[in-house]
Each structure stands twice: as structure tokens, then as C-alpha cells.
Amino acid sequence: MDFQQIQSVYFIGAGGIGMSALMRYFLSKGVAVAGYDRTFSSLTEELAGEGAAIHYTDDVRLIPETFKHPDYTLIIYTPAVSESHAELTFFRTQGFEVLKRSQVLGLITRSVRGLCIAGTHGKTTTSVMTAHLLKQSHVDCNAFLGGIPKNGANNLMLSDHSDLTVIEADEYDRSFHQLTPYMAVITYADPDHLDIYGTPEAYRESFEVFTSLIRPGGVLIMKSGIPVTPRLQSGVKLYTYSGSDEEAGFHAKNIRIGNGAIIFDFEGPSVQIADIRLGVPMKINIENAVAAIALAWLNGVFPEEIRAAMKSYAGVARRFDIRLQKENIVLIDDYAHHPEELKNSILSVKELYAGRKVTGIFQPHLYTRTRDFAAEFAESLSLLDELILLDIYPAREEPLPGITSQIIFDRVTILHKTLCSKEQLPDILAAGTYEVVLTLGAGDIDRLVEPIKEILDKK
């Protein structure tokens, strides 16, 4: 289908963060946009306010007539949607052009200079940081992001003069293999999505395939020490980066942490930028910032622009997001849903609030991830002073026999731990005493944050 001929686009799985950026892209082009999602959310509400018609029941009769003409309607779906989905089946059997989100993103970005950030974790923050650095400079950029920036923009950014395009490169379902990066970053390659890949080796191999897609003459910036062997085309430059290893090509040094601030110096080949202050003072953000600064600097952003933009960076919604901060109690919301992410988040909180009791409320995401990493989850959660563990959020999956939050709970070694449902949580919180509370997970725990805040604010 010629994109110039598209008059309407229908999305199946409209509420996903990646899908929403594409919806906003087509809305910006004046195209009619509609879609289905299983659940109402603040994001789908925003999209409806921007002009998208969204419904929440899988029913072909609810598809607007405007979107039932295969000659000029494009169908975009997320692989998280079941193959038996009635609307998806209808469009496939009626001769519509039906593409995955990753295929469409690949087509849109093929004619631009894509700055593609991939990795098990850190990719959303690094992508948003990179876009912020470019947007706050004379260079500018477009961006398709997997998180909502807190600096006032949304997850789609457009430019009228720059073809640089920041893209969060998602490894789920090998989606990032649809991209042709101009420059790429790989943050981590810790195994995940084993329901798709089967083995850790296959997961890491997918990142190696991703490196082979970088255009000749492009750049790969890879975290120092990760177990990925690049397969680079001719002329692609390879750099390493690190938040602590001064042997890496790009790195931080002279790191100063204290009084609620993190300041460091950035060094790389032919560049030194002193006294960079992190707008979001989380220790893991040092290495995220090093990768983002490296991308920005390689694309012509001036050191003084980098310094000012990093200081003004406000973070990403649900990424170490401080929701309540009083003298006696703090509430932080974080998207962490992989054992390594949990470990980094918990250790950062304990360092920032040393000497205070840290309570974590964690909602596991996916039965398969819980099955594959139960021991690792328990090890990370045992770093807390107190744990409240919720039931598994299934997302796209059906239950697996014997796989519940209990298999994590039984392995957690701390004394103060509670296993409960979402419905039981308010009463438990109302009865307890807390100092620092950390909500964790990628499911629908975000909908509990405001009620949790209201309970804690009364203490």
C-alpha cells in the first residue's frame, strides 16, 4: 500500500505505548484514526481527545464504516493481540493490508536517519533523554518513544527541519529487526521474553542481528561488557560506553553524589564536558545519560547545550517517578519489571534515602516471565526492607499451571513480606507504617498509584 493513498488507519491494541505514538503520527497527517483496545486507560482517553475513535469490545460491528474499505484503509496491530481476535480475523479475510506496528515504524523511518536505542532495560529513559537533548539544541529531531516524557511533550515528537529520528527499538517479537538504524545503542542484553526466544542465547543473538542492520558508515554505541558480538557492515564505527568504567570509549568520571544531586564529567574520543548535573538524580541514569550524550554529541549538539538540557531533563512517567514527597513519607513509582531493573531501582532508592525503611509493592508481569525468573525476582526483592507482593498481571497470556506470585514469595528471604490481591492492598496500606514506598511493575499497577498516594498522604 502506498502511504500517500491512505485515508484511514485502524489500530488493534490501540492503548499500547508504542501504538499510541503511531496513532499520533497518522493523526498529525490528517488521516482518520480509530481502533480497539481491551481496557480503557488515561492514554486511550488522551488519544480520543486528540481525534481517535476507540472502543473496548472485540466486535466487528463496532468498527466505523469509514474503516471498512480495504483500498485506502491500513490495519496496524500489536503482536500482543491474540491471533484469534475477531476484528483482526475480519480484516485479514476481507483483503485489507494488515501490518505489525514494527513493520509500519520500519517503513516510516526507512528514509530518515534513525537513532535506534535497544536493550532489555534502560532503552526508554535513554531514548527520551536523547530526544530531549536534541530538541533542546540547534539540531532538533523527530521521535517515536516508548514512554511519556515529563518535560511537556508526548511520545511522538516531530520536526520541520531535522530528519534525525529517535526510535525506541523494541526487542519483543523481534520487532527491532524491521529497523535500519543510522546510529544505534544497545544498553543491556540480559535475557527476557523467553516465551518468544526460547533460550538466553537466542535472545542475545537477536541483538547481534540488530547490529547487522546499521547502515554502512553508521555508528553502534554498546554498553561496555555486555555479551553481544556485533555483526557490523562496512564502515560502521563501534564505541563502548559506561557509567563507571573509564576504559570505555564514552564514560563518566569524577562522579559526585550528595544533597539529592548527581554531578559528573563526561569524556569520550575528542570530547570532555565538565559538571553535568542529572535532572533526575538516580544512579542508573548516569550510564543512561552517557549513552544519550554520546548520541547527541556525535550528531552535532554543542557541549553547553548538552549541559543545560541534562539539567532540565525531568524524566519519564513511571520511570523512578516521585509521586509524593513529604518530610515523613515518600512515594516513588517505577516501571521496573525485570529482576535487574528491580535491583537497580531498589538500590537507587536505598542510596538516596539511606537509613529509611523502604517498602516495595511489586506486581509481576506475565506468567512466563514469572516462571523463568522467579528466583532472580526473589533475590532482587529481598533487597527491600518490606515487600507487598501482588498477583501476576497476565497481559496477553493465559494462566500457566502452578505459576502464581507464590513462587516468588516463597523465595524472598526478608522477614517482612505480604502476599495480597489488588483489592486487599488499600486495607493493608491503611493499617501499616511507612517511610519510603516504591511501586514496581509493568502491568496495571499504575492505576493503583493515585489511590496509594491518597492513603499515604493521610499518614
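The values are calculated or read from the model by the stated rules, or taken from the named source; none is laboratory data. Quick caveat: nothing in here was measured; it's all calculated off a predicted structure. Glycine gets a Cβ as well: all are built from the backbone with ideal geometry, and neighbour counts include every protein chain shown. Areas reflect the complete protein model, heavy atoms only, side chains present, ligands, DNA and RNA absent. Shrake-Rupley method; radii C 1.70, N 1.55, O 1.52, S 1.80 Å.
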What is the sum of charges, Lys and Arg at +1 and Asp and Glu at -1, for the other residues whose Cβ falls under 13 Å from the Cβ of Tyr188? -2
Of Lys343/Lys417; Lys326/Lys453; Lys357/Lys458; Lys100/Lys343; Lys343/Lys422; Lys123/Lys417, those spanning more than 21 Å from alpha-carbon to alpha-carbon: Lys100/Lys343; Lys343/Lys422; Lys123/Lys417
Show His121, His161, His177 ordered by accessible area, largest first, where the area counts protein heavy atoms only and the probe is 1.4 Å. His161, His177, His121
Tell me the relative contact order for region 78-205 as a rounded percent, counting alpha carbon contacts under 8 Å between residues six or more apart. 31 percent
Using the crude model of +1 on Lys and Arg Cβ and -1 on Asp and Glu Cβ, and no other charge, please compute the dipole size for region 36-175 relative to its Cα centre, in debye to 20. 360 debye
Tell me the mean residue ellipticity at 222 nm calculated for the chain from its helices only (DSSP H runs of n ≥ 4, each -39500 (n - 2.57), averaged over every residue, nearest 500). -9000 deg cm²/dmol
Give the separation of the Cα centroids, region 169-227 to region 325-349, in Å. 27 Å
Using unit Cβ charges (K, R positive; D, E negative) and no other charged atoms, how large, in debye to the nearest 20, is the dipole of region 248-370 about its Cα centre? 420 debye
Along the charge dipole of the chain, Cβ charges K/R +1 and D/E -1, which of Ala261, Phe176, Pro303 sits furthest on the positive end? Pro303
Can you tell me the accessible area per residue over the chain, all protein chains present, probe 1.4 angstrom, in square angstrom? 40 Å²
So for the chain, taking the charge dipole from beta-carbon charges (+1 Lys/Arg, -1 Asp/Glu), which of Gly15, Leu133, Thr439 sits furthest toward the positive end? Leu133
Percent of accessible area on the chain owned by carbon and sulfur, 1.4 Å probe? 49 percent
Given charges at beta-carbon only (K, R positive; D, E negative), |dipole| of the chain in Debye: 680 debye
Other residues with Cβ under 13 Å from the Cβ of Asp2 give, with Lys and Arg +1 and Asp and Glu -1, a net charge of -2
Between Ile392, Phe362, Thr418, whose Cα lies farthest towards the positive end of the dipole of region 335-459 when Lys and Arg beta carbons carry +1 and Asp and Glu beta carbons carry -1, centred on the Cα centre? Thr418
How high is the relative contact order of the chain, given as a whole-number percent (alpha carbon pairs under 8 Å, six or more residues apart)? 11 percent
